[in-house]
Every structure is written in C-alpha cells, then in structure tokens.
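For reference, the structure is listed below as structure tokens.
The values are calculated or read from the model by the stated rules, or taken from the named source; none is laboratory data. Note that the structure is predicted; figures quoted are calculated from it, not measured. Cβ coordinates were reconstructed from backbone atoms using ideal geometry, including for glycine residues, and neighbour counts include every protein chain displayed. Remember, those area values only see protein heavy atoms, side chains included, never the ligands or the DNA or RNA. Shrake-Rupley method; radii C 1.70, N 1.55, O 1.52, S 1.80 Å.
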Amino acid sequence: MANIGWKSIKGIPLIFTLIWIAGFAAALHFMDKSVIAFLGILFSIILIYYTNTSKNMRIILGAAVLLLIIPLVAGDNRYYMEVASQVGIYVAMALGLNIVVGFAGLLDLGYVAFFAAGAYAYAIFSTSQANQFIPGELFPLSGEAFWPFLIIGLIVAAIFGILLGLPVLRVKGDYLAIVTLGFGEIIRIIFNNLDKPINITNGPQGITPIPQPELFGIKMSTPFYFYFIVLIVIIFIVIANIRFEHSRLGRAWVAVREDELAAQSMGISLLNAKLAAFATGASFAGVVGVIFAAKQTFIDPTSFTLMESIGILVMVILGGSGSIPGVILGAAFVTVLQVQLLKEFSNFLHSLQQSGIINLPNQLDPSKFQRLIFGIMLILVALYRPNGLIPAKRKKNDLDAIKGSKYAEGKLGILSKLQGKES
C-alpha cells in the first residue's frame with residue numbers, strides 16, 4: 001500500500017507546481033523566520049522532480065528556484081540564507097558519502113575524517129597557526145587563498161581516503177564499518193593532540209580567526225555569498241555523481257557492491273575500484289570542509305565527532321542509498337529537521353511555558369531528542385520504504401532488442417576464438 005501511495009505522487013501537473021512555487025515564494029518574502037514558508041519553497045524542488053513535464057523544463061524550474069527565487073526573495077534575510085547554506089553543506093557531504101556507501105557498497109563510519117582534513121588544511125595554512133612550524137612569518141593568507149584551497153582540500157582529503165582504503169581492502173561488511181569508525185576517531189584524536197611537541201592544530205583550543213573568501217576585493221562574509229558557493233559545489237558534485245554512475249568505473253562500483261567475487265571474476269580490480277571510491281568520496285568532503293572552515297571562521301576537534309558521520313549516513317540511507325535525488329532529499333530533510341524544525345518547536349513550547357499555558361520540564365525539550373527522532377525515522381523507513389524515500393533506479397535492458405542487434409550476430413570473446421579454431 002505504501003508503494004501505491006508513493007507512486008501516485010508522479011505526474012504532478014505543471015500548473016500546480018507553478019502555483020505552489022509562487023505561493024510559498026510570496027510567503028517567504030512577507031514572513032520573517034517562517035518554518036512553513038521555508039519548508040514549502042524547499043519542497044518545491046521535490047514537486048519539480050515529479051512534475052509531469054520535460055526534463056529540460058524541470059531543470060529550468062529547479063534552477064529558477066535555487067538561483068533566482070530563493071536569493072531574490074530571501075537574500076536579505078540572514079536566517080533563511082544561513083539555513084539554506086547549512087542544508088547545502090550537508091547535501092554536498094551526503095552526495096560524497098553516496099559514492100562510497102551507495103555506489104560501491106562500502107559502509108564508512110569515519111567519513112567525517114575527510115571533512116576534517118579539508119577544514120584543517122585551510123584553517124592551518126590560512127591563519128598564523130602555520131607560523132608555529134614554518135619559519136619566515138609567511139602567514140596568515142588573505143581570503144583570496146580560499147579558492148585554490150578548494151583544490152588543495154580536495155587533494156588532501158583524497159590522500160586521506162587512499163590511506164584509509166589501503167588497509168581495509170580485505171575487510172568488508174561489519175568489520176569495514178568498525179575499521180572506518182576507528183579511523184575517524186583516530187583522526188579526530190590526532191587533531192586534538194597535535195599541539196605538542198610542535199603546535200600544528202592548536203589542539204582542543206581550535207583555530208581562529210579563519211579568513212573568509214574574497215574575490216576581486218569583495219569580502220564574502222555573509223550567508224548570501226556562502227549560499228552561492230555551496231550551490232556551485234553541489235552542482236559540480238551532482239554532475240560528477242551522474243557521470244560516475246553511468247561510467248565504466250561506476251558500473252564497476254555497482255558490481256563490487258552486489259558481489260565482490262563475481263566482480264573480480266569478471267576482471268574488475270577490487271583494489272582500484274575500492275581505492276577510487278574512497279578517494280572520490282573523500283575528495284568531495286575535503287572541498288566542503290574548506291567551505292565549512294571559512295564559513296564558521298573557527299574550528300576545533302569537537303566539530304568532527306562520530307555523530308557527524310552517523311548523521312550523514314542517516315541522510316544517505318533515509319533518502320535512498322545510491323539515488324542522487326534521494327540523497328539530496330534525505331540530507332535536506334534531516335538538516336532542516338535538526339537546524340530548524342526541532343529548534344523552532346522547542347522555542348514555541350518555551351513561549352507557551354513562559355505564558356503559563358504549559359509546564360514543560362527541561363528534560364522534555366524537543367531539541368534534546370534529535371537522535372531519538374533519527375532512530376524512529378530509520379525504523380519507519382526500514383519498515384515502509386526499505387530502499388529509501390526515492391529509491392535508486394536500475395537501468396533495464398531490453399533483451400529482445402539486444403538479441404536482435406548487430407552485436408548479437410557473431411560470437412564475441414572466448415566463443416569467437418573457439419569458432420575460429422573450429423573453422
């Protein structure tokens with residue numbers, strides 16, 4: 001019954017989607033800090049995905065919402081743009097983890113380590129912290145260094161991904177999850193203790209002030225600018241995901257995910273496939289880490305705990321492992337839930353408490369039940385949507401068409417050699 005109800009969403013009329021976008025765009029403009037208005041404009045992206053129109057029209061509508069409507073309507077509202085940029089950061093992280101978990105089937109519980117690698121790479125070398133171990137007083141750098149550090153963060157995180165991939169090639173399943181969990185904790189502890197004998201990371205005190213991006217003399221210090229930076233990165237990551245999904249490497253990842261022994265027997269190198277998955281997923285996290293460090297202007301090891309890795313994994317599983325639109329939906333939903341919904345609901349209950357309408361104990365504050373809510377959501381998804389909110393689509397081949405093609409006329413591979421010997 002759940003599948004029947006979900007399939008009925010498909011084929012939404014275009015006029016309904018346009019009215020929905022216009023209505024919630026107006027609400028977003030006139031209402032300050034409205035949870036419903038913000039959720040409505042975000043949900044319009046899902047409506048566009050299921051709208052009964054051409055693919056090009058859906059792309060145009062999605063671009064209009066993300067590039068025009070949200071910046072023009074909510075661009076002056078710091079609260080909305082802060083939440084939107086935060087959602088974008090976690091969407092980009094989830095898309096990176098989707099390559100490792102969704103495409104290659106490698107359960108990674110230490111993904112936040114790559115996020116930390118990119119963040120610390122920018123934080124250390126863009127501030128005066130690097131003067132602690134590099135002579136010459138060459139630091140801090142200006143905000144214009146942010147742009148090349150996006151590439152540097154990508155490379156550093158990819159190296160970390162390879163370092164993680166090499167020791168775990170013979171490990172899979174639950175043991176792989178344990179090893180990656182340990183890797184993530186080791187990286188966090190190293191960053192926490194790397195303040196002696198040489199002070200590299202400043203230990204638990206963290207690094208500040210981290211310079212924010214600059215471009216042609218314009219300092220991009222507001223959430224409005226970070227929204228566009230994150231959006232550009234997401235577009236790049238989505239395109240990369242789509243290209244990988246339909247590439248030879250992407251098909252190799254799927255083969256490894258389904259059956260490693262069968263994949264190896266077909267000539268797929270498990271070493272290359274797994275290392276490529278770890279390095280690719282890690283590199284995206286490194287780029288996002290640089291953006292996170294610049295946005296926060298302060299980082300410390302408490303920003304990269306195990307719960308962050310679990311939260312990102314929840315986003316992938318909830319949305320649909322291996323599904324690009326599903327992962328985007330899962331990341332957006334979970335981030336809005338923890339950043340906006342629970343916080344606003346908690347503030348609403350506190351206002352009722354101050355008015356004397358209810359008496360809410362501090363232990364029942366909704367913001368403290370975040371992990372409980374995540375657990376309940378995962379149970380419900382496992383029961384009613386085991387493949388995620390938007391399951392990954394499998395490419396279906398027409399066997400009759402393949403048999404009738406010109407490639408089926410002659411023998412291929414070993415059969416062609418045997419046929420040649422017989423003749």
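Report the Rg/Rh value for the range 7-129, based on alpha-carbon coordinates and the Kirkwood definition of Rh.
Ratio value, two decimals: 1.08.
With all protein chains present, calculate the accessible area of Thr208 using a 1.4 Å probe and round the result to the nearest 10 Å².
Number for this one is 90 Å².
Once all Cα-Cα distances of the range 251-301 are split into 5 Å bins that start at 0, what whole-number percent is in each one?
4, 19, 20, 13, 11, 8, 9, 9, 5, 2
Once you mark the GluC sites (Glu not before Pro) that are in a DSSP loop and have at most 12 other Cβ atoms within 10 Å, what is the longest gap between them in the chain?
Longest run free of exposed loop sites: 138-408.
Based on the Kirkwood radius over alpha-carbon pairs, what value in µm²/s does the Stokes-Einstein equation return for the translational diffusion coefficient of the range 22-63 at 20 °C and 1.002 mPa s?
196 µm²/s
So what is log10(I(q)/I(0)) for the chain at q = 0.10, 0.12, 0.14 1/Å, when the Debye sum runs over its Cα atoms only?
Values returned for q = 0.10, 0.12, 0.14 Å⁻¹ are -0.78, -1.08, -1.39.
Please state the relative contact order of the chain as a whole percent: Cα pairs under 8 Å, 6+ residues apart?
22 percent
For the range 76-201, rounded, prolate or oblate, judged on the Cα gyration tensor with a ≥ b ≥ c (square roots of eigenvalues), a/c < 1.5 rounded, else prolate if a/b > b/c?
It is oblate, given that a/c is not under 1.5 and a/b is not larger than b/c.
Please list 110-121, 61-72 highest first by mean number of surrounding beta-carbon atoms within 10 Å per residue.
So the peptides 110-121, 61-72, ranked by packing, come out 110-121, 61-72.
Quantify how much of the Cα-Cα distance distribution of the range 7-76 extends past 21 Å, in percent.
21 percent
Roughly how many Å² is the accessible area per residue of the chain, as a whole number, for a 1.4 Å probe?
53 Å²
Starting from the range 135-235, pick out the chymotrypsin sites (Phe, Trp or Tyr not before Pro) whose DSSP state is loop and whose Cβ has at most 11 other Cβ atoms within 10 Å.
Phe216
How many times 2.2 N^0.38 Å is the alpha carbon radius of gyration of the range 157-299?
1.30
What number, rounded to the nearest 500 deg cm²/dmol, is the helix-based mean residue ellipticity at 222 nm of the chain, given -39500 (n - 2.57) per DSSP H run of at least four residues and division by all its residues?
Estimated from H runs of four or more residues: -20500 deg cm²/dmol.
Could you give the length gained by full extension between Leu261 and Asn199, i.e. 0.36 nm per residue of separation minus their alpha carbon distance, to one decimal place?
Full extension of this stretch gives 17.7 nm more.
Just how much of Arg188 is accessible, in Å², when a 1.4 Å probe is used and the result is rounded to the nearest 10?
Accessible area, nearest 10 Å²: 70 Å².
About its Cα centre, how strong a charge dipole does the chain have in debye, to the nearest 20, once Lys and Arg get +1 and Asp and Glu get -1 at the Cβ?
Here the size comes out at about 1360 debye.
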